[in-house]
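Heads up, the thing below is written out as structure tokens.
Derivation of every value follows stated rules applied to the coordinates shown; laboratory data play no part. All values reported here derive from a predicted model rather than from experimental measurement. Methodologically, a virtual Cβ is constructed for each residue, glycine included, from the backbone with ideal geometry; neighbour enumeration extends over all protein chains shown.
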Number of protein chains: 2
Amino acid sequence: MTEMQNPYLMFLGDVEDQLAAKTAKGIVDWRPEWCIGQLKLAGCVADLGIEDMTIAEGIKNGAKTMVVGIVNSGGFLPDHWISVIVDALDAGMDVASGLHMRLGDVPEIKAAAERNGRALFDVRHPSRNLPTGKGTPRQGKRLLAVGTDCSVGKMYTALAVEKEMRDRGMKADFRATGQTGIFIAGTGISIDAVVADFISGAVEELSPENDPDHWDIIEGQGSLFHPSFAGVSLGLLHGAQADALVLCHEPTRTHMRGLPHQPLPDLKTCMELNLTSARLTNKNAKFVGVAINTSALKEDERQAYLAKVEKELGLPAVDPFKDGTAPIVDNLA
Amino acid sequence: MTEMQNPYLMFLGDVEDQLAAKTAKGIVDWRPEWCIGQLKLAGCVADLGIEDMTIAEGIKNGAKTMVVGIVNSGGFLPDHWISVIVDALDAGMDVASGLHMRLGDVPEIKAAAERNGRALFDVRHPSRNLPTGKGTPRQGKRLLAVGTDCSVGKMYTALAVEKEMRDRGMKADFRATGQTGIFIAGTGISIDAVVADFISGAVEELSPENDPDHWDIIEGQGSLFHPSFAGVSLGLLHGAQADALVLCHEPTRTHMRGLPHQPLPDLKTCMELNLTSARLTNKNAKFVGVAINTSALKEDERQAYLAKVEKELGLPAVDPFKDGTAPIVDNLA
């Protein structure tokens, strides 16, 4: 995928709740300087807390890409959004979407993009030809966030590590493997959407050879312990050839996401299997820290929990949202 | 995928060596009664050792499907094969192909299929909509062949186990996950070609709930230790929810297939990781035997090697091609 051009005009359509704008909110949280305004249709309930803008105002303010950062059930594009997307293309913006339905599959949108020489980005659909993974060592350092489950903060953790490294003047690039991450990075590969044969190859492409002191901070997906998605997680782990792993966990989760019958692994078991698997392509792989999403814990519970994890695992344990990731980055030295 | 109708007329085109007909040869080996004849073009070097037949003769002998069981570099369909495929459709046969290029993407072939109401099967391309895996236990028994590497005899082993079980009057069905297997079973899913999110879900679909005493004998793919394809192997393992695992190995292999830098795992290490992973979706998973491809060993080496493996692992070790799989099936009781 070529890189999406920013700034972004954030299109929210007329979605009926804030959760539908979760992707858009993630982009605003991590790249506020790229998100110059939001475009809402009548009836829209979601709000990103940024300036409302028409397409014309977006153009005047320099918007290069209109982002459809919406998750709706079915992933389809409502008919009454089409004319707005066509207007954005006619006004000179590219359009990027995280919906399952491809923008280019809508004839009016395809025609408008061609007529105006604009690009369409469907971030859920990998567009480049991928090789199979090779497992050949490559220069540069890589850190991968892995999880006990899906949706435990792997993207957040990776972005927080990138930020901490950049604040210290280190060379670091977040490498996105999911749709929200791709909007935030401007590029990436939706790893769960590639053909199974190319999972590890896609990650090798995404985090290529680099300077010896450069860190790729790779967004993890799923969990080796999730029966639906573990294949994706393993291919990602092998392709990443991670030098450093960060374990992500949400301590109040009672079962694997979406599977009420499936228990969560304990942290040590999860680390062991990840480490055994990671060492297939990088013998020096090791865990450097633990990232806990403590949002559901009270302050005293939270401190006690982090202290317990640090003691049990002998690794720095932080909530990246509340504590940052400095102890983890310190531990890389 | 709906089931392909047999008997098959085996189309060999004008391929330049016997290896290009490996898929076709596998079908003839395992389903000789389905393969009523072969159709070769001028210059064809491969031969299946069955009767040569024209399309008209194939029809007269009852052929229902013409099978393009050829592997050529690039997986494309040579232009001069198109008219033969069109002729087969016009004569009333379906056509099935294992090439990367889809039959239906060739306008003349698509038109001929429509005109005659015939079906086109592209076995490399999963055609059904797949769910994500759930990991919910389902009735029936399942056996999965896993390997130290790719191409170590997993399909052969699974087919030999199916045959042994059926010979004993047991309920058993081979479940195909690769193209040759799909031609042999008449149905199946090319598991390395599904979108990564659906690997385990595809295998759950392929081996659904069944009678308590029914065995699905599932064809494995790749290896948990192959850096290119381990994600596929893990999803397959989770989706299979195997009660019984058979380890497949080729003892003279010096490195993982296609990757000169990558060593093979030893058998015990390979079994341990497979077992740990399998138990995520079936706590009772266990190894019931070892299948060794001994074709590169001398007779005395072969016997000594099998005896050594039996002793070290405490499991029956056989070469399915030479010894059959009776000791493995005995061990299921």
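Across the copies of the chain, A:Lys298 has label points (7 Å from Cα along Cα→Cβ) spaced 7.8 nm apart, shortest distance listed first. Length gained on full extension, B:Asp167 to B:Ala307, computed as 0.36 nm times the residue gap minus the Cα-Cα distance: 47.8 nm. D by Stokes-Einstein for the protein assembly as shown, Kirkwood Rh over Cα pairs, 10 °C, 1.306 mPa s: 59 µm²/s. What separates the Cα centres of region B:66-145 and region B:270-333 is a distance of 34 Å.
Could you give the C-alpha radius of gyration of chain A expressed as a fraction of 2.2 N^0.38 Å, taking N as the number of residues it contains?
On the way: Rg = 20.2 Å, N = 333, 2.2 N^0.38 = 20.0 Å.
My calculation over the Cα atoms of chain A gives 1.01.
Please compute the length gained on full extension between A:Asn116 and A:Lys322, using 0.36 nm multiplied by the number of residues separating them and subtracting their Cα-Cα distance. List each step's numbers first, then the result.
Working: separation 206, 0.36 × 206 = 74.16 nm, distance 4.49 nm.
Net length gain for the segment: 69.7 nm.
The residue list B:Ala46, B:Val146, B:Val28 was ranked by how far each Cα lies along the charge dipole of chain B toward its positive end, using unit charges on Cβ atoms, and B:Val146 comes out on top. Quick one: angle between helix A:230-240 and the longest Cα principal axis of chain A, in degrees between 0 and 90, rounded to 10, please. Compared with the principal axis, the helix lies near 80 degrees.
What's the local net charge at A:Phe225, with K and R +1, D and E -1, over the other residues with C-beta under 14 Å away? Don't skip to the answer; put the middle values down first.
Values: positive: A:Lys154, A:Arg253, A:Arg257, A:Lys268, B:Arg279, B:Lys283; negative: A:Asp149, A:Glu250, A:Asp266, A:Glu272.
My count for the surroundings of A:Phe225 gives +2.
Computed from Cα positions, the angle between helix A:154-167 and the longest principal axis of chain A comes to roughly 90 degrees.
Toward the positive end of the charge dipole of region B:141-330, with +1 on the Cβ of Lys and Arg and -1 on the Cβ of Asp and Glu, the farthest Cα among B:Ala158, B:Ser190, B:Ser233 is that of B:Ser233. Between copies, A:Gly104 shows label-point distances of 2.0 nm, shortest first, with the point placed 7 angstrom from Cα along Cα to C-beta.
Can you give the net charge of the other residues whose Cβ lies under 11 Å from the Cβ of B:Glu250, counting K and R as +1 and D and E as -1? Walk me through the numbers before you get to the answer.
Numbers: positive: B:Lys154, B:Arg253, B:Arg257; negative: B:Asp149, B:Asp319.
Charge balance in the 11 Å sphere: +1.
Structure shown: which of A:Lys286/B:Lys311; A:Lys22/A:Lys308; A:Lys22/A:Lys322; A:Lys141/A:Lys283; A:Lys134/A:Lys283; A:Lys22/A:Lys134 lie over 24 Å apart, alpha-carbon to alpha-carbon? In this structure, A:Lys286/B:Lys311; A:Lys22/A:Lys308; A:Lys22/A:Lys134 lie more than 24 Å apart at Cα. Counting only Cβ charges, +1 for Lys and Arg and -1 for Asp and Glu, the dipole size of region B:8-122 around its Cα centre is about 300 debye. Sorted from nearest, the other copies put their B:Pro131 label points 3.9 nm away, the label point being 7 Å from Cα in the direction of Cβ. Once the mean of 1/r is taken over each pair of separate Cα atoms and inverted, region B:162-274 shows a Kirkwood hydrodynamic radius of 15.2 Å. As I understand it, the dipole of chain A uses +1 on the Cβ of Lys and Arg and -1 on the Cβ of Asp and Glu, about the Cα centre. Which of A:Phe287, A:Ala56, A:Phe321 lies farthest toward its positive end? Looking along the dipole axis, the top candidate is A:Phe287. Run the Debye formula on the Cα coordinates of region B:141-330, all scatterers equal and no solvent, and tell me log10 I(q)/I(0) at q = 0.19 1/Å. Taken in order of the listed q values, log10 I(q)/I(0) reads -1.38. GNM on chain B, alpha-carbon springs under 10 angstrom: the most fluctuating residue among B:Leu89, B:Leu280, B:Leu224 is B:Leu280.
The loop-placed trypsin sites (Lys or Arg not before Pro) in region A:275-328, going by DSSP, that have at most 14 neighbouring Cβ atoms within 10 Å of their Cβ come out as A:Arg279, A:Lys283, A:Lys298. The Rg/Rh ratio for region A:8-122, using Cα coordinates for both the radius of gyration and the Kirkwood hydrodynamic radius, is 0.93.
Result for chain A in a Gaussian network model with C-alpha springs under 10 Å: among A:Pro78, A:Pro131, A:Pro320, the largest mean-square fluctuation is at A:Pro78. The 3J(HN,Hα) values that the Karplus relation (6.51, -1.76, 1.60; θ = phi - 60°) gives for region B:260-274 are, in residue order, x, 7, 9, x, 7, x, 6, 4, 5, 4, 5, 5, 4, 5, 5 Hz. Gly and Pro appear as x. What does the charge count around A:Ala145 come to, taking other residues whose C-beta lies under 15 Å from its C-beta (Lys +1, Arg +1, Asp -1, Glu -1)? So the environment of A:Ala145 carries a net charge of -3.
How about region B:124-211: which GluC sites (Glu not before Pro) there are in a DSSP loop, with at most 15 other Cβ atoms within 10 Å of their Cβ?
Working: sites: B:Glu162, B:Glu164, B:Glu204, B:Glu205, B:Glu209; in loops: B:Glu209.
Counting only loop positions with at most 15 other Cβ atoms within 10 Å, the GluC sites (Glu not before Pro) in region B:124-211 are B:Glu209.
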